[in-house]
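To keep things clear, I will list the structure first and then write my remarks on it.
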Ligand code: AHQ
């Protein structure tokens with residue numbers, strides 16, 4: 001990409017990265033075919049929780065780097081979506097992290113086990129920590145571009161939800177509420193993030209860096225699943 005792309009060409013180039021997205025990973029393919037064992041599902045829930053609980057940290061990093069008040073006023077909602085919030089000392093919104101803890105209980109993994117980072121596979125920890133560090137150290141618009149994997153998320157989550165309800169009857173379906181909520185939040189998030197990237201990346205270099213950020217995130221999600229798919233044969237990899 002040597003010349004400045006029009007907004008349509010730039011959006012198409014971003015959307016072409018769908019071919020790198022983790023919906024194509026064998027682990028998700030096996031999940032959607034109903035082929036995962038209970039142990040594999042529990043391993044996925046435990047390790048994905050580490051990703052989920054770090055989302056507010058990476059979004060707070062983006063806020064801390066973003067000088068634009070209007071963008072911060074919008075972006076801060078992502079932290080509330082995951083952390084939830086109290087109003088007048090009452091739990092007004094539970095949030096996505098609480099919903100994932102309930103997913104854990106639905107698959108037979110205790111809240112304490114999910115909250116213990118010692119159960120996280122090294123490969124997952126490195127991928128997630130790389131994401132948080134990326135959002136701490138890169139320009140805010142590149143960090144926002146890395147969230148554009150959410151252009152591809154809703155279709156993947158929709159297929160997953162159908163498969164989980166169809167093939168994994170041992171799981172209390174109320175545990176899937178996290179994904180049902182994401183189906184509404186993610187498209188709005190993705191639309192807002194895409195418009196920001198299209199409007200703010202007005203040089204060849206910024207467009208290249210935005211595409212590079214999206215590829216980085218696709219590879220991060222892929223690496224995370226590689227680690228989850230393989231598991232860890234060492235007796236106890238806890239640090
Ligand atoms: O549950 C997910 C989530 O809250 C987010 C936030 C967003 C971001 O800001 O990077 N990305 C993301 C994703 C979530 N779920 C993943 C899934 O497959 O369940 C997809 C993932 C993403 O596409 O980035």
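Laboratory data are not the source of any read-out in this text; all were calculated from the coordinates shown. Source: prediction; values computed, not measured. For neighbour counting, all protein chains shown are included, and Cβ atoms are generated from backbone atoms with ideal geometry for every residue, glycine included.
Figures for the structure shown
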read-out: Test: residue in the range 47-62 that is more than 14 Å from the ligand (Cβ to nearest atom) and either surrounded by fewer than 20 Cβ atoms within 10 Å (Cβ to Cβ) or more than 20 Å from residue 149 (Cβ to Cβ) (or both); value: no
read-out: Qualifying residues in the range 120-156 (those that are more than 13 Å from the ligand (Cβ to nearest atom) and in a loop (DSSP other than H, G, I, E, B)) - the one surrounded by the fewest Cβ atoms within 10 Å (Cβ to Cβ); value: 139
read-out: Selection count, the range 72-101, where residues are closer than 20 Å to residue 147 by Cβ and under 20 Å from the mean Cα position of the chain (by Cα); value: 17
read-out: Members of the range 160-178 found to be within 15 Å of the ligand (Cβ to nearest atom) and exposed (fewer than 15 other Cβ atoms within 10 Å of the Cβ), listed by number; value: 162
read-out: Filtered residue count, the range 132-161, keeping only those that are without any contact (Cβ under 8 Å) to a residue 60 or more places away in the chain and closer than 26 Å to residue 106 by Cα; value: 6
read-out: Residue within the range 83-97 that is within 10 Å of the ligand (Cβ to nearest atom) and under 22 Å from residue 120 (Cβ atoms) present; value: yes
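Results for (1) crowded, with 17+ Cβ neighbours inside 10 Å; (2) in a helix (DSSP H, G or I); (3) within 15 Å of the ligand (Cβ to nearest atom), shown as yes or no for each residue.
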| site | (1), (2), (3) |
| --- | --- |
| 186 | yes, yes, yes |
| 190 | yes, yes, yes |
| 193 | yes, yes, yes |
| 208 | no, yes, no |
| 220 | yes, yes, yes |
| 233 | no, no, no |
